1. What about Val181, is it farther than 17 Å from Ala64 by Cβ, assigned to a loop (DSSP other than H, G, I, E, B), open to solvent by less than 20 Å² (accessible area, probe 1.4 Å) and in contact with a strand residue (DSSP E or B) (Cβ under 6 Å, 6 or more places away or on another chain)?
2. Quick one: which of Arg127, Arg95 is assigned to a helix (DSSP H, G or I), open to solvent by 60 Å² or more (accessible area, probe 1.4 Å) and without any contact (Cβ under 8 Å) to a residue 60 or more places away in the chain?
3. Considering only the stretch 141-172, state which residues are open to solvent by less than 40 Å² (accessible area, probe 1.4 Å) and part of a loop (DSSP other than H, G, I, E, B).
4. Here is a check on your reading of the model: is Val193 of a type outside the set (Lys, Arg) and assigned to a helix (DSSP H, G or I)?
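The values are calculated or read from the model by the stated rules, or taken from the named source; none is laboratory data. All values reported here derive from a predicted model rather than from experimental measurement. Here the Cβ is made from the backbone with ideal geometry for all residues, glycine too, and neighbour counts use every protein chain on show. Calculation scope for accessible area: heavy atoms of the full protein, side chains included, ligands and nucleic acids excluded. Shrake-Rupley method; radii C 1.70, N 1.55, O 1.52, S 1.80 Å.
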Amino acid sequence: MSTPTHDRNLKGSLITLLALVLLGGVAWLVTQRDSESAAQSEVGGPVQEQFAPEDREAVTPFRARLLSGAAFDSADLAGRVAVFNVWGSWCGPCRKEAPALARVARETADQATFVGINVRDNDAAARAFERGFEVPYDSVVSDDSDQALPAFGGALATAAVPSTVVVDREGRIAARVVGIVTYRTLKALVDEVVAEP
């Protein structure tokens, strides 16, 4: 037989339990919203920077293996405009920008060299991605990305995927886009660096 005190204690316990469940639900929703906002700010609003020739930092020469099996030496790009794109087959925003990158690479093939830098991926998935999006250029294998990324100083990082840099003929970083790059933006950046004397 329950007593008034027992009923009050039981009611108080149920209210406390309900309050804890509600607080846990609110905390979960806030955490989800914050993580989604962080993900969107990382790639949703791209950051674009262009550097005047006197402010450009040189890319440190590096070597790496490519998905095709070929060896890559960045020194071979001397005197050519180059575009480097950090990507992964697991990256949704990379899928969104892949057609734009492929299109600009095809349209500027005689003026600029494109090179991908695949990160946190496996080679089979990366090759399937390149085939699926008809990417006309090769990429550094994920295992060698740790050697490639430091060559760009702070301009490229594995945490900012996708990221793209345009390198001038002297091997200096002329522009970068952190986040999804559009066809119009990338074409304009490449054309501008190609047109430099």
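1. So Val181 fits the description; yes.
2. Answer to the check: Arg95.
3. Across the stretch 141-172, the qualifying residues are Val141, Ala155, Leu156, Ala160, Val161, Pro162, Asp168, Gly171.
4. It is true that Val193 is of a type outside the set (Lys, Arg) and assigned to a helix (DSSP H, G or I).
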